[in-house]
Structures are given as structure tokens and as C-alpha cells.
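Visitor: Mind having a look at this structure? Questions to follow.
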Amino acid sequence: MAVIKQDDLIQSVADALQYISYYHPVDFIQAVHEAYQREESQAARDAMAQILINSRMCATGHRPICQDTGIVTVFARVGMDVRWDGATMSLDDMINEGVRRAYNLPENVLRASILADPAGKRANTKDNTPAVIHYQIVPGDKVEIDVAAKGGGSENKSKMVMLNPSDSIVDWVLKTVPTMGAGWCPPGMLGIGIGGTAEKAAVLAKESLMDSIDIHELRARGPQNRVEELRLEIMDKVNALGIGAQGLGGLTTVLDVKIKDYPTHAASLPVCMIPNCAATRHAHFVLDGSGPAQLEAPPMDAYPEITWEVGSSVRRVNLDTVTPEEVLSWKSGETVLLSGKMLTGRDAAHKRMVDMLNKGEQLPVDLKGRFIYYVGPVDPVRDEVVGPAGPTTATRMDKFTRQILDQTGLLGMIGKSERGPIAIEAIKDHKAVYLMAVGGAAYLVAQAIKKADVLAFPELGMEAIYEFEVKDMPVTVAVDTTGESAHITGPQIWQKKIADKSLAVEVE
Ligand code: SF4
């Protein structure tokens, strides 16, 4: 009978969360690298280059792959013969103590993103607790744990449906994936749960994402059941949509499709789909009473040596002198290097600013002629100016965009993923511009930030308004002053190219 110490479990959870904050799973790195090598869309290739460079930098620098260090999800399989040595805490409390220890580790502080009272005060719990924990009681004398840190951008794109038993699951997936936009930071994986009840399908979908990428082996050996057929069919048909890395159009949107199923009622066909993003983070360990789990670092040769050059003809922009006339010539899809000062602000800061404008109050910062970066950075450690600071999903700011442009004279916005129709119309009407940075390349983006000062709303923590001074921060013009969106034209072009040329979207 294994005797497991409370602190071994706590430390193992903490170590695993630190580990996944800076190490991608090796299978994921390999899959992105293969997709990068075969990608024909330059925009998608550039995005994947940044994701791979960022991954290597995080592995060597031991800093988070993404500024959103996620909500912790745990699947625990607890052996019925396990005995706990002097445990004073519940298993939930032990896991949460591990989360607390990991997220507040001084050498690699992770971002605390969890808010209590979600329908009310939305107050940050400050240590990223509590985790979402699922248990199974199984035969044996070990404790097996899968731990994941799931980004909000991809979790927000989860979809659920109760289909009729005769409906096509593939049709529903193909209709639904384009509605998810790029806020889930593709390339990534789709986890699909089929059957059971509504809540069972959701848990199955999430649990399926704990597995490694192995669609190559499945393709090589051939499908042996309906679920395996579905995995291949969905993967090929989703990739043929041409959405591509970061939604900019390209050959690879998903690197694998995972499916778990469960028997269901004769009247029902519940399906839940949860995407995993460019910051796919999960680890697996077993406690058998011999001490805390030891997770081996991936070998450095698992990380491809990618170089990414923007080229000498790239447009360089000085944010301190840029004018409305200058941005008129920027074209959707174009790469731009930003230098100078920009402001930051995301959900809570936008809500505050709009509330102030509605009351006729003066904003604490002047937005006229400025650019605002939608970001919530990780706190800095050692000599960092700021921790990893990649973009957050811009669509959440869409509802504020027209009023902010109307009433402040803001010139540009920087975020990730597409803008919705109301924001695009407002951008076009004001001859403003929306730029996109790569989601999931947060540590790389942070290297361009040379200075960071909090200017307003310090009580909002990572959601405060900062002023960043940047040098050569790479972005793509995603919506230009005419309202042309790279997230609309890119996928349209690549979907057609794939259909016309019958480009094989198969993973070899
Ligand atoms: S890669 Fe994108 S979706 Fe994933 S955690 Fe980062 S910002 Fe969120």
C-alpha cells in the first residue's frame, strides 16, 4: 500500500504548474514545427515562427509562454488503496496549496487571473486558486494527476450543443469553428466530448486535451472505429477552412483533434468542443509514495532553431510622432515594427473609462493620437521591465470601440484575433487602425518593451493602464483605415486556394 505525504502532492502540483508555464509538451513543439515547415501562407508562417522562437526562449529563460498563465484544471485518479500520511488537508486543499505555491514562486511569478464572485465583484483571489478539479476513484495504490493551465482566450471559445441523434457531428463542427474566430490562438487542438449528458460531454472534451498529439500515428495505421474516423475527417475538413495560424489564413488551423465518447440516452447526442491554444500546457505525474514527482525538462534539441527576419523593407513606425495621415497608407496584412510609447488597457480599464465618459468625467490619460495595447502582463522578476506581455482577445473590447474612438481621438489599437463588425465599422468611420500581435508569443513580445509605468487604475493590477515604451515590436495590420480585415480576407483566400489546388492538408 502506498503511503503518500501531503507535502509531496502539494509540491508535485506546484512543480508541474511551474514546468508547464515555460515548457510546451514536446509533441506540441514538433507538431507546430512540422506545420511551420509545410505552411505556404507567409502571415501564418511568420506567426508560427514567433510561437516557436518564444517557446525556446521560455524554456531557457524559465518564464511563461503566455501572459495568460491560465485557469488550473486537474484530473486526479486516486487509488482506493492509497493511504495519506498525516494529512490535515482535503485533497482539494492540497491541490490548491500547490497552485498557490506555483503562482507565487518569486523566481517565476505567474499571473493570477482567477476572480471570485464572477457575477458580482469579480475580485482577484491573488494566487490563481481555486483550481477546477475532477476526481476518479480507481483500483490501486497510486495517485495519478493530469494538470493543465488553460488560457481564457481559448476556453472562451468552447461550444456545446445537444444534437438530434441523426444530425452530423462533422457538419456542426464545420459550422461552428469559423464562429470561434481567432481568439483561441490557433494553431492548436480541438477536444471533443460526445455522449453522456451535457456536463459529461464537457468534461470528456476537456479530458481529451490531456493526451499527446498522435494524429500522425493514427493516420499511418488507419482508423479502427468511428471515433478515429471522425478525428481524421474533422481534422482535414477544419484545416481545409483555411483559417490558419492566428486566423490569418493558411494550411494549418488544428494540429490534432481529440475525441472521447460515452454512452448516451436514445434521444440525445450531446457534443462539446473545447479548443486548446498555442499555449497548450499540460503535464502528467504519478505519486506512488516514493516522494514528489520529478518532471524531466525537454531536451533542448527538441526546440527547432528558427530565425525570423522581418526584412529591410518593413514599415517602421514611431508611435511618438505618428499622425492620422500616416496610418491612411497602412494596408491590411502588412507587417509593421512599432517603436515609442503606447498605452495599455483591457476589459476592466475599458469599462472604467466608458463609465467615466458616460458621467462626463475626464479620463486619467489622454488617448488622443495614441495607440492602446490590449494586454494584462505578468509581473516582472529579476531585472525585467515587465513580465511576458502578449496581446489579449480584442473582440472583448469591440463594444467599447466606437465610443472610445468618438470621444477620445484614439488612433490605434493592438490586440489579438479579429474584430467584429461593430468595431470594424467604427475603425473605418474614424480612419483608425487595428494591429495584431501574435497570441502565445508573450515572452518574445516582452523583449520589445523597454520601459513600463503604471499611469492609471493601479488597483486593477494586471488590468491597470500602463505606458509601455517599445522598440521594434512586430505587429500585423489586421484592420486598416478602409475597414479591410486580414482575418476576413486571409481565410477566404486560403480556403479557396486549398479547394482549388486540392492542397493536401494531411499531416504526414
Ligand atoms: S495563447 Fe492565446 S488563448 Fe492561449 S493563453 Fe495565450 S493568449 Fe490565451
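Each value in this text was obtained by applying a stated rule to the coordinates, not by laboratory testing. Since we're looking at a predicted model, the values are computed, not measured. Neighbour counts are summed over all protein chains in view; Cβ atoms, including those assigned to glycine, are modelled from backbone coordinates with ideal geometry.
Visitor: How high is the relative contact order of the stretch 315-491, in percent, with contacts defined as C-alpha pairs under 8 Å that are six or more residues apart?
Guide: Working: 408 pairs, mean separation 53.8, N = 177.
Once divided by the residue count of the stretch 315-491, the mean separation gives 30 percent.
Visitor: Using the per-residue mean of other Cβ atoms lying within 10 Å as a proxy for protection, in what order, highest first, do the peptides 296-306, 440-450 fall? Let's see the in-between values first.
Guide: On the way: 296-306: 12.9, 440-450: 25.1.
Put in order of decreasing packing, that is 440-450, 296-306.
Visitor: Here's another thing I want to ask about it. Along each principal axis of its Cα atoms, how long is the stretch 390-508 end to end? Whole angstroms, biggest number first, please.
Guide: Here the spans come out as 53, 36, 24 Å, largest first.
Visitor: Give me the percent relative contact order of the chain, please, defined on Cα pairs under 8 angstrom at least 6 residues apart. Write out the running numbers ahead of the final one.
Guide: Details: 1207 pairs, mean separation 99.8, N = 508.
Contact order relative to length: 20 percent.
Visitor: Let me ask you something else. Please give the peptides 214-220, 433-439, 342-348 ranked by average Cβ packing (other Cβ atoms within 10 Å per residue), highest first, as a rough proxy for protection.
Guide: Put in order of decreasing packing, that is 433-439, 342-348, 214-220.
Visitor: Enumerate the aspartates and glutamates that K450 could reach by cross-link, defined here as Cα to Cα under 13 Å, with residues fewer than 8 away along the same chain left out.
Guide: Leaving aside aspartates and glutamates fewer than 8 places away in the same chain, those within reach of K450 are D383, E384, E467, E469, D472.
Visitor: Run the simple label-point estimate for S290 and E107 please: 7 Å along Cα→C-beta, distance reported in nm.
Guide: Taking the simple label geometry, S290 and E107 are separated by 2.4 nm.
Visitor: Let me ask another. Filter the cross-link list K351/K416; K150/K416; K399/K497 down to pairs whose alpha-carbon distance in this structure exceeds 22 Å.
Guide: Working: K351/K416 19 Å; K150/K416 17 Å; K399/K497 34 Å.
The pairs that break the limit, which is 22 Å between Cα atoms, are K399/K497.
Visitor: Taking 8 Å as the Cα distance limit and 6 or more residues as the minimum spacing, I'd like the relative contact order of the stretch 337-412 as a percentage.
Guide: Values: 86 pairs, mean separation 27.7, N = 76.
This gives 37 percent for the stretch 337-412.
Visitor: If you don't mind, another one. What is the distance in Å between the Cα centroid of the stretch 152-230 and that of the stretch 330-351?
Guide: Between the Cα centre of the stretch 152-230 and that of the stretch 330-351, the gap is 33 Å.
Visitor: Report the dimensions of the chain along its three principal axes from the alpha-carbon atoms, largest first, rounded to Å.
Guide: Its Cα atoms span 73, 54, 47 Å along the three principal axes.
Visitor: To continue, here is another question. Taking every Cα atom in the stretch 3-286, find the radius of gyration and the maximum pairwise distance Dmax, and write them in Å.
Guide: Calculated on Cα positions, Rg and Dmax stand at 19.2, 58 Å.
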